[in-house]
1. Test A95 against the stated conditions and say whether it is assigned to a loop (DSSP other than H, G, I, E, B) and under 20 Å from the mean Cα position of the chain (by Cα).
2. Checking the condition among the β-branched types (V, I, T), closer than 26 Å to L3 by Cβ, outside any helix (DSSP H, G or I) and under 22 Å from the mean Cα position of the chain (by Cα), which residue from V143, V157, V190 passes?
3. Quick check on this structure: which one of A394, A364, A379 is surrounded by 24 or more Cβ atoms within 10 Å (Cβ to Cβ), farther than 25 Å from V422 by Cβ and touching a strand residue (DSSP E or B) at 6+ places or on another chain (Cβ under 9 Å)?
4. State all residues of the stretch 271-314 that are of a type in the set (S, T, N, Q) and modelled with pLDDT of 95 or more; if no residue qualifies, say none.
5. Please specify each residue of the stretch 392-449 satisfying the condition of being in a helix (DSSP H, G or I) and hydroxyl-bearing (S, T, Y).
6. On the basis of being among the acidic types (D, E), touching a strand residue (DSSP E or B) at 6+ places or on another chain (Cβ under 7 Å) and not in a loop (DSSP other than H, G, I, E, B), does E24 make the cut?
7. Within the stretch 78-87, is there a residue that is surrounded by 15 or more Cβ atoms within 10 Å (Cβ to Cβ), in contact with a His (Cβ under 7 Å, 6 or more places away or on another chain) and not hydroxyl-bearing (S, T, Y)?
Amino acid sequence: MNLAAPRVGLLPLYAKLYDDFLPERRAECETVLREASEGLARRGAEVEASGVVRTAAEAGAAIRRFETARVDALVTLHLAYSPSLESAPALTRSALPLVLLDTSPDAAFGTNADPARIMANHGVHGVMDLASVLRRRGRAFEVVAGHLRESRALDRVIELARAGRAARALRGMRVARIGSAFPGMGDFAVTPATLREAFGIEARQAFPAVLAKAMATVSDRAVRAEMALDRERYEVRADEKVHRRAVRVGLALREWIGRQGLGAFSVNFLAFQDPRGPAMPFLEISKALARGTGYAGEGDLLTAALVGALAQGFGGTTFTEVFCADWRGNHLFLSHMGETNPDLAPDRPRVVAKSYPFLKSGPAAAIVAGIRAGPAIYANLVPGSRGTFELIVAPVEMMPDTERDDLREVVRGWMRPAHLPVPRFLEEYSRRGGTHHAALVLGDRAEAVAAFARFAGIPAVTL
């Protein structure tokens, strides 16, 4: 997917007292502001910068402007000490994800520092003042501390802005389920009312008949064009008849997702039992994941919404679940029936025909692929008692793909937990109530994924 640039609202804080009595100080402050703004832009952000804020009225006007612009995160920058009560009231009223950037112009201030540089570098205690007041008022925020040039501070701000975007994507998302929830699967089972109350998620219900109706409007020309595109992107091993049937139902599903305005969806394969009806749309499900639409199997709307939110914030996300434990090798094998994000594959994915004895609608084309080696986050949204939730954030390392050709015919991935051996990881995961469906996000993003949870009002725990 083409991931949109994060939008940052940069709020530079200053004391009016200094303008009144030390007007010459503003020149260096403007330089620091410009350096921060340009540094964020170089890292791919769209920066909305207000003028220098010194009073409560100026803070309120600037934050209203950021809210209108729908920035992904509001980032404060103390250009010097700024009294907290000039900005805290407006920051508390705003629901924008908030990041306090704690920095100063000079990278060093040791025992041989020039005392004339104290005034230029004393914004640090302004951050302390503001953070203390915000915490007392119950206002959630993240803090990033470090020098603008000699640390990863700005990179971390970008990641937190992406986390803010993911949180906004989750809240108010529209999700739909095709088929009923899988009978007897209770771990991810939450009611539409609970999703609405917790996250403002609007849940809808549909059945394969909606796809059968939409298939009638799919032209042969569109099917041929999509099949040709598949042959360019993938190694198509499914026979032409199975491939064509999969593409037709897939284009119908794509049109239905767009018409419904869905951010995520789930399909229960048990609903596809009519040999004369639509095939199970494995192929299009994987393509939807690549476009950034959330998905989870077996009617799981909760994990589907999580996958969709993380994809919108960070890209590089897929639905998955732990299938097998490699006790000896200290790995966990990830898989599913025929759903994976092909953009995460280390090489060219295959399109194969999948047949299951419990899938009476006949063979279905599916993308099978591995997952690129490197750091990733295994994330699970855990339902708790009385409508509460918690996000498990598990840093993992994805292993190189298999060399066995028969294993390359299935959806696959091997992950090693970063901080715990496999037995301890599984013990702690289940103690926290982790469900058997999850999202996998590529990259070393534990801080940002945990921040996404907090921005969305969800406690997070890192394993």
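1. On the way: assigned to a loop (DSSP other than H, G, I, E, B): yes; under 20 Å from the mean Cα position of the chain (by Cα): yes.
Spelling it out, A95 is indeed assigned to a loop (DSSP other than H, G, I, E, B) and under 20 Å from the mean Cα position of the chain (by Cα).
2. Details: V157 fails: outside any helix (DSSP H, G or I); V190 fails: closer than 26 Å to L3 by Cβ.
Of V143, V157, V190, the one residue that is among the β-branched types (V, I, T), closer than 26 Å to L3 by Cβ, outside any helix (DSSP H, G or I) and under 22 Å from the mean Cα position of the chain (by Cα) is V143.
3. A364
4. Scanning the stretch 271-314 gives S286, T293, T303, Q312.
5. Within the stretch 392-449, Y429, S430 qualify.
6. The answer is no for E24.
7. To start, the set of residues in the stretch 78-87 that are surrounded by 15 or more Cβ atoms within 10 Å (Cβ to Cβ) comprises 78-84, 86-87.
Filter again for in contact with a His (Cβ under 7 Å, 6 or more places away or on another chain), leaving 80-81.
Narrowing the set further to residues that are not hydroxyl-bearing (S, T, Y) leaves 80.
Yes, there is a match, as at least one residue in the stretch 78-87 is surrounded by 15 or more Cβ atoms within 10 Å (Cβ to Cβ), in contact with a His (Cβ under 7 Å, 6 or more places away or on another chain) and not hydroxyl-bearing (S, T, Y).
So that you can scan it fast, the table gives a plain yes or no per residue for (1) modelled with pLDDT under 95; (2) within 30 Å of L101 (Cβ to Cβ); (3) not in a helix (DSSP H, G or I):
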residue: R162; (1), (2), (3): no, yes, no
residue: T194; (1), (2), (3): no, no, no
residue: L211; (1), (2), (3): yes, no, no
residue: A214; (1), (2), (3): yes, no, no
residue: V223; (1), (2), (3): no, no, no
residue: E226; (1), (2), (3): no, no, no
residue: E232; (1), (2), (3): no, no, no
residue: V247; (1), (2), (3): no, no, no
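The values are calculated or read from the model by the stated rules, or taken from the named source; none is laboratory data. Nothing here was measured: the structure is a model prediction, and the numbers come from that model. Glycine gets a Cβ as well: all are built from the backbone with ideal geometry, and neighbour counts include every protein chain shown.
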